[in-house]
Amino acid sequence: MADGPDLDRTQSTARFQFRVDEVTEARQILERVFAALKEKGYNPISQIVGYLLSGDPAYITSHHNARSLIRRIERDEILEELVGFYLEKSVTRPEGEPPGAGG
């Protein structure tokens with residue numbers, strides 16, 4: 001088979017870019033949704049993960065309009081924000097400190 005565009009495409013890395021203001025909006029919404037879930041007595045992390053995996057907004061409370069808020073942004077934007085935030089924290093932690101420890 002001759003080398004063609006498909007071969008080049010499988011050997012290169014695709015770039016995914018987002019605008020900074022979208023990340024800021026995603027972070028603000030996540031913080032508000034987290035607070036609303038916590039206030040209602042839910043485990044916010046479990047509920048948000050359920051929403052991200054299923055796409056079902058029923059995992060998010062309607063308290064303080066959290067369900068409507070989270071649906072304003074795409075799930076991939078939320079994942080981008082979460083992964084970026086986690087890696088920024090874990091990459092800058094002191095050597096020997098376990099992931100999730102510290103500030």
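The values are calculated or read from the model by the stated rules, or taken from the named source; none is laboratory data. Owing to the predicted nature of the structure, the values given are computational and were not obtained by experimental measurement. Methodologically, a virtual Cβ is constructed for each residue, glycine included, from the backbone with ideal geometry; neighbour enumeration extends over all protein chains shown.
Observations
- Considering the stretch 36-49, and only residues there that are surrounded by 14 or more Cβ atoms within 10 Å (Cβ to Cβ) and within 16 Å of the chain's Cα centre (by Cα), the residue that is nearest to GLU80 (Cα to Cα) turns out to be ILE48.
- Criterion: modelled with pLDDT under 95 and among the small types (Gly, Ala, Ser) - qualifying residue of GLY50, GLY102, GLY41: GLY102
- Filter pass, ARG32 being at pLDDT below 75, over 13 Å from the mean Cα position of the chain (by Cα) and basic (Lys, Arg): no
- Applying a threshold of 8 Å to beta carbon distances and a minimum spacing of six or more residues, or different chains, the list of pairs starting in the stretch 83-97 at a residue that is at pLDDT below 70 and ending at one that is assigned to a loop (DSSP other than H, G, I, E, B) and among the hydrophobic types (A, V, I, L, M, F, W, C) reads ARG93/ALA101.
- Scanning the stretch 42-64 for residues that are in contact (Cβ under 8 Å) with a residue 12 or more places away in the chain and touching a helix residue (DSSP H, G or I) at 6+ places or on another chain (Cβ under 8 Å) yields GLN47, ILE48, TYR51, LEU52, GLY55, PRO57, TYR59, ILE60, THR61, HIS63, HIS64.
- The set of residues in the stretch 8-29 being at pLDDT 65 or above, more than 29 Å from THR61 (Cβ to Cβ) and of a type in the set (Lys, Arg) consists of ARG15 alone.
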